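The values are calculated or read from the model by the stated rules, or taken from the named source; none is laboratory data. Keep in mind that this is a model prediction, so the values were computed, not measured. Quick reminder, even Gly has a Cβ in these numbers, built from the backbone with ideal geometry, and neighbours come from all protein chains shown. Heavy atoms of the whole protein, side chains included, go into the accessibility calculation; ligands, DNA and RNA do not. Shrake-Rupley method; radii C 1.70, N 1.55, O 1.52, S 1.80 Å.
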Amino acid sequence: MEVVKRITPTVQHYLTIAFSVFFACITLFLIDKDTQALTDLFKPGNLVAFIVYFSPSFVISVLLFRYFSKKFNKSDSLFLSLLIGIPLSFLLVIFLLLNLFS
């Protein structure tokens, strides 16, 4: 049985998660059919939507990283938290918005 030491999250881990979630949200907005240019992302409605997508994605990814850091090494736990956390949070936000406005 392999013993893995618990990883204490550092600022670098949080910044890596924040930048990854930021780029995932930007990618989500760029594949939207209503976005014609990068400047469209700075409209007030899109900034609110960016915050709505970014906040839960960041929180879920950090919580998953803290959970996986107890079981895996640093790079594996960071990769798994981003791989699971970002799509999961996007799906949760979309599901919540669909149920809220329908």
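Here is how the numbers come out for the structure above:
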quantity: Count of the range 33-50 residues which are in contact (Cβ under 8 Å) with a residue 12 or more places away in the chain and either open to solvent by 80 Å² or more (accessible area, probe 1.4 Å) or farther than 15 Å from Val93 by Cβ (or both); calculated: 1
quantity: Considering residues of the range 56-102 that are touching a residue at least 24 places away in the same chain (Cβ under 8 Å) and open to solvent by 100 Å² or more (accessible area, probe 1.4 Å) only, the residue farthest from Pro9 (Cα to Cα); calculated: Lys71
quantity: Filter pass, Leu15 being open to solvent by 80 Å² or more (accessible area, probe 1.4 Å), at pLDDT 95 or above and more than 11 Å from the chain's Cα centre (by Cα); calculated: yes
quantity: Selection from the range 18-32 of residues that are open to solvent by 60 Å² or more (accessible area, probe 1.4 Å), closer than 21 Å to Ile94 by Cβ and of a type in the set (Phe, Trp, Tyr); calculated: Phe22, Phe23
quantity: Within the range 18-56, considering residues that are small (Gly, Ala, Ser) and under 24 Å from Ser81 (Cα atoms), the one farthest from the chain's Cα centre (by Cα); calculated: Ala49
